[in-house]
Structures are given as C-alpha cells and as structure tokens.
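Read the structure below first, then the notes.
The values are calculated or read from the model by the stated rules, or taken from the named source; none is laboratory data. Everything numeric here is computed off the predicted structure, so don't read it as measured data. Cβ: placed from backbone, ideal geometry, glycine included. Neighbour counts: every protein chain shown.
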Amino acid sequence: MSLQKYVEVQLDGKTKLLRFDYNSVSDLEAFYGKGISSILTEEQMGFNTLRIFYTFGLKWKDHGITPQRVGNMLGDAIDNGESLESLFKPIMKGLKLSKLLGDDFDVPEDEEVKNPN
C-alpha cells in the first residue's frame with residue numbers, strides 16, 4: 001500500500017495540504033498544453049504559475065478551490081512577508097514526494113516532509 005504524501009502550508013490562517021498526484025499533474029499538463037518537465041523548465045515561474053500549481057496541488061482536499069481564491073490566499077501571504085521563493089519551495093517538495101518526476105528530481109534537504117499516516 002502506498003502512502004499519500006503531502007506538504008503542509010500555511011495559507012488563509014489555516015494549514016492546507018499540498019499534494020501532487022497523477023490527477024493534479026495531469027491537470028497542470030492540460031492547463032499548459034505540455035508535459036510537466038517542459039512546464040518546469042520553460043515556464044516563467046511567476047505569480048500565475050505559483051497560483052496555478054497551488055490550485056491543482058490543493059484540489060485533492062478542496063475540490064471547489066479556484067485560482068482566484070488561491071490568488072487571494074497567496075496575495076495575503078506575500079503581504080505578510082512571504083517571498084515568491086518561499087512559496088515555491090512547498091511546490092517543489094510536493095512534486096518530489098509525488099515520485100512522478102523520477103528519482104533525479106531533487107529539492108533542498110533542509111525541509112521537513114509530512115506524511116498523513
């Protein structure tokens with residue numbers, strides 16, 4: 001039995017669970033019209049990319065989440081001192097946990113990974 005892994009993020013005054021699985025990565029690929037590897041290497045990693053990755057990564061727990069709602073949460077986080085870099089770190093950790101990108105996909109070791117079980 002495989003464990004469902006996620007990254008805890010603080011947004012909107014709550015702990016949210018960010019996870020990338022087959023469905024969320026497929027949704028990302030459909031949104032951008034290209035494979036996940038191309039998205040990570042070709043896209044300009046800015047506000048819209050951040051918002052879309054969080055939207056699809058949070059969708060497994062919050063089925064009705066919208067990019068606009070995520071944008072409001074991320075905007076509040078930035079207003080409260082978060083940087084774009086700090087907000088991208090959970091995305092990269094979540095993608096690593098998904099194991100969908102292979103073992104060569106790496107993120108910094110200094111970050112704790114959460115497991116729901």
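Numerical summary
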quantity: Pairs with Cβ under 6 Å, 6+ apart, first in region 9-38 and on the phi > 0 side of the Ramachandran plot, second aliphatic (A, V, I, L, M); calculated: D12/M73
quantity: Filter pass, M73 being modelled with pLDDT under 95 and under 15 Å from the mean Cα position of the chain (by Cα); calculated: no
quantity: Flag if L101 is of a type in the set (A, V, I, L, M, F, W, C), part of a helix (DSSP H, G or I) and either over 13 Å from the mean Cα position of the chain (by Cα) or surrounded by 14 or more Cβ atoms within 10 Å (Cβ to Cβ) (or both); calculated: no
quantity: Matching residues in region 41-62 - criterion: being closer than 11 Å to L17 by Cα and among the basic types (K, R); calculated: K59, K61
quantity: Elements of type helices (runs of 4 or more DSSP H) in region 1-95, at least 3 residues being out of contact with any strand residue (DSSP E or B) (no Cβ under 8 Å at 6 or more places or on another chain) and crowded, with 19+ Cβ neighbours inside 10 Å; calculated: 22-32, 47-58
